[in-house]
There are 2 protein chains.
Amino acid sequence: MVKTARDTGSAVTDPRSFERAKALVHRIVADRHDRPSLVAGIACEVGAEIIEGIRQAGDDLNSVELSRRFATSRTPIREALMLLEKEGLVDVPPRKRPRVAVPDLQDIREIYRARAALFELIAVDVAKGVSEEGLARLRHAFAEMQASYRAGDVSAFVWANVDFYDQNTLLANNRTVKRILDSLLLRTARLRRLSLSQPGRMERSCDDHARLLRAYEDRDATLAAALIRSNHINALAALEAYLTRAA
Amino acid sequence: MVKTARDTGSAVTDPRSFERAKALVHRIVADRHDRPSLVAGIACEVGAEIIEGIRQAGDDLNSVELSRRFATSRTPIREALMLLEKEGLVDVPPRKRPRVAVPDLQDIREIYRARAALFELIAVDVAKGVSEEGLARLRHAFAEMQASYRAGDVSAFVWANVDFYDQNTLLANNRTVKRILDSLLLRTARLRRLSLSQPGRMERSCDDHARLLRAYEDRDATLAAALIRSNHINALAALEAYLTRAA
DNA sequence: TGAGCGCAAAGTGTAGACAGTCCTTATCCA
DNA sequence: TGGATAAGGACTGTCTACACTTTGCGCTCA
């Protein structure tokens, strides 16, 4: 149907994963305006298709075709694509056809480093002020990650990992940083799966997160910050290894 | 013309400052698509009016009225307002009139902390790799700050300060972090003036930046990171003091 | 007087149309 | 054969129109 400019792994067809992707786009795009909106619905659907690899980097996003598919006029389609452009999922050049954004290696490096810096901020706050209930939630999310790892389910692991970090940002109670991190997550969501499907990556990630959890239990903010940073550096290294090998 | 929900200081009428504000909005909103665009033009104009305080927090942004003023239809107006909403300058509730966003104290705190975390990242990179030419540019920007301080021109100082930090992000060569920082800057641009007009703030800021510059000259990344963090903490403290006194 | 109700005006969200730009393809010339 | 070019179709940016929602105001009734 659409031609591929740069293949970044095969499409995910698991409907549960697709729903998770849609929800992820939704909470960024719809933000606090939680009323159902035509534009937000379109953005979530198309955004999830990009994240799940159904639409590959470089694919055309023809507004006429999309308006037919969603049985609306082009106005809401254009607005939805603008939302996705702001999140870095879509590229809308003036007077030209919108396309699925093609992230380059520098972008990816920058995103991981920015994420690391902001998560350090989060980790310090969590370590300093986490309640027993908060710890329980983190443990629960971590248990999901372990279960997915044992089941060898990369897709489930990715989303469990998202949940784990979500718990962090929620506990730190910082909307601004949460928004930025969510936005950065969106851009790399597609790639995380690739990074984590590297042999040994899930196991290593589990170890790292176990240590982070212990640092939280000990209320050791400095260690937690260092660990969360190294988590990100490791993830980036695995991803870079994959991408350079693929190229 | 428009009624004020919450006054956050008087409007700036200096046309040079207004042009700077417009340019600031432009580089975020138009990003790399540098072709002149109707939507971007409207967004810059309205955005600058918000930053400069010509439109106060809570003011209505009626799309019909704006379309009359810019002699266009409502479609590009709506798109421009959506862009500004993504940057946190405007609030567009569904089915209700768009308004100039009203930042609350928690938002402001979060923004300053996020900025501090990301600027640390930038400072480390700059300190590690800055060339003699880069240092010269930083010194030049700093000299502008000092000149504005001596002239007692808060508005000029604010923009000189923006230039100084711009040099930092440019030298670190990190587009992603630059984009995020620009966006965060936009949200607080209006408030920075208030913070810096506090007695002694400009002088203190000059001292802080002089020390930062020395850290760069010594290629001391750790010190530079610490200094840039403390700059932000100081600025936030001054702003909080002003806002609580005003309330 | 004051709270509740209903109506008119104002404003938003979407549709559909049109002009201008871009892209593709077929044709021409070297 | 290969590269330039022009015509046609495809697509975008913007405009106008319209249905539906919200808002503000005046009226009723206690």
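The values are calculated or read from the model by the stated rules, or taken from the named source; none is laboratory data. Just so it is clear, the structure is predicted and the values come from calculations on it, not from any experiment. Methodologically, a virtual Cβ is constructed for each residue, glycine included, from the backbone with ideal geometry; neighbour enumeration extends over all protein chains shown. The protein model used for the area step is the full one, side chains on, heavy atoms only, and it has no ligands, DNA or RNA in it. Shrake-Rupley method; radii C 1.70, N 1.55, O 1.52, S 1.80 Å.
Quickly estimate the mean residue ellipticity at 222 nm for chain B, helices only: each DSSP H run with n ≥ 4 gives -39500 (n - 2.57), and the total goes over all residues, rounded to 500.
-24500 deg cm²/dmol
If you take the beta carbon distance between B:A23 and B:D60 as r and set R0 to 22 Å, what does 1/(1 + (r/R0)^6) give as a FRET efficiency, to the nearest 0.05?
Taking R0 as 22 Å, the efficiency between B:A23 and B:D60 is 0.25.
Out of every Cα pair in region B:125-247, what percent are spaced more than 22 Å from each other?
Tail of the P(r) past 22 Å holds 33 percent of the pairs.
Give me the Å³ per residue figure for the convex hull around the C-alpha atoms of chain A.
125 Å³
Would you mind checking region A:197-214 for residues with the amide N under 15 Å from a putative spin-label position 7 Å along Cα→C-beta of A:A246?
It comes to A:197-199, nothing else.
Quick one: accessible surface of B:D218, probe radius 1.4 Å, all protein chains present, in square angstrom to the nearest 10.
110 Å²
Take every Cα pair under 8 Å in chain A that's 6+ residues apart, average their separations, divide by the length, and report that relative contact order as a whole percent.
Computed value for chain A: 21 percent relative contact order.
5 Å is the cut-off here: which amide hydrogens, built 1.01 Å from N in the peptide plane, fall below it relative to A:R55, excluding neighbours closer than 5 in sequence?
Those qualifying (amide H under 5 Å, at least 5 residues apart or on another chain) are A:I50.
Give a residue-ordered list of calculated ³J(HN,Hα) values for region A:153-170 (Karplus: 6.51 cos²θ - 1.76 cosθ + 1.60, θ = phi - 60°; whole Hz; x for Gly, Pro).
Those phi angles translate into 9, 4, 4, 4, 4, 4, 6, 5, 5, 4, 4, 4, 5, 4, 4, 4, 5, 5 Hz.
Can you give the net charge of the other residues whose Cβ lies under 11 Å from the Cβ of B:I54, counting K and R as +1 and D and E as -1?
Residues near B:I54 contribute -2 overall.
Between region A:123-193 and region B:150-175, how far is it from one alpha carbon centroid to the other, in angstrom?
Rounded to whole Å, the Cα centres lie 36 Å apart.
Relative to the isolated chain, which residues of region B:72-103 have their accessible area cut by 20 Å² or more in the presence of all protein chains (1.4 Å probe, heavy atoms, no ligands or nucleic acids)?
So the qualifying set is B:R78, B:E79, B:M82, B:L83, B:K86, B:D91, B:P94.
I'd like the orientation of helix B:175-196 relative to chain B: the angle between its Cα long axis and the longest Cα principal axis, in ° from 0 to 90, rounded to 10.
It works out to around 80 degrees.
Step through the residues of region A:66-71 one at a time and calculate ³J(HN,Hα) from phi using the Karplus curve (6.51 cos²θ - 1.76 cosθ + 1.60, θ = phi - 60°), rounding each to whole Hz and writing x for Gly and Pro.
5, 5, 5, 4, 8, 6
On a 1.4 Å probe surface of the protein chains, which of A:M145, A:M202 comes out largest in accessible area, and what is the full order?
Result, largest first: A:M202, A:M145.
Rounded to the nearest 100 Å², what is the sum over both chains of accessible area buried where B meets A, with a probe of 1.4 Å?
Protein heavy atoms only, the B-A interface buries about 3200 Å².
Take the alpha-carbon positions of the protein assembly as shown, form their convex hull, and give its projected area averaged over all directions (one quarter of the hull surface) in nm².
Taking a quarter of the hull surface, the average projection is 23.9 nm².
Per residue, how large is the accessible surface of region A:1-127? Use a 1.4 angstrom probe and give square angstrom.
For region A:1-127, the per-residue accessible area is 46 Å².
For B:D166, tell me the accessible area in Å² from a 1.4 Å probe, rounded to the nearest 10.
Looks like 20 Å² after rounding.
Round to the nearest 10 and give me the degree value, 0 to 90, for the angle of helix B:15-29's Cα axis relative to the longest principal axis of chain B.
90 degrees
Just read off the accessible area of B:H33 with the full protein assembly in place, 1.4 Å probe, to the nearest 10 Å².
50 Å²
Taking a point 7 Å out from Cα toward Cβ as the label site, list the nm distances between A:P15 and the same residue in every other copy, smallest first.
Once sorted, the set of distances for A:P15 reads 6.3 nm.
Check which residues have an amide H placed less than 5 Å from A:V90's amide H, if you skip close sequence neighbours.
Hits under the 5 Å cutoff: A:E85, A:A101.
Output the pairs from A:K178/B:K96; B:K22/B:K86; A:K86/B:K96; B:K86/B:K178; A:K86/B:K178 with a Cα-Cα distance over 19 Å in this structure; if there are none, say none.
Result: A:K178/B:K96; A:K86/B:K96 exceed 19 Å.
Once phi is turned into ³J(HN,Hα) by the Karplus curve 6.51 cos²θ - 1.76 cosθ + 1.60 with θ = phi - 60°, what whole-Hz value does each residue of region A:228-239 show in order, with x for glycine and proline?
Rounded to whole hertz, the list is 5, 5, 5, 3, 5, 5, 5, 4, 5, 4, 4, 5.
Which angle between 0 and 90 degrees, to the nearest 10, do you get for helix A:201-217 versus the longest principal axis of chain A when only C-alpha atoms count?
50 degrees
Using a 1.4 angstrom probe on the protein heavy atoms only, line up B:L191, B:L243 by accessible area, largest first.
Sorted by accessible area, descending: B:L243, B:L191.
When the solvent-accessible surface of protein heavy atoms is calculated with a 1.4 angstrom probe, in what order do B:E49, A:E240, B:E203 fall, highest first?
Sorted descending by solvent-accessible area, the residues read B:E203, A:E240, B:E49.
Subtracting the Cα-Cα distance from 0.36 nm times the residue separation, let me have the gained length for B:T72 to B:E133 in nm, one decimal.
Stretched out fully, the B:T72 to B:E133 stretch lengthens by 17.4 nm.
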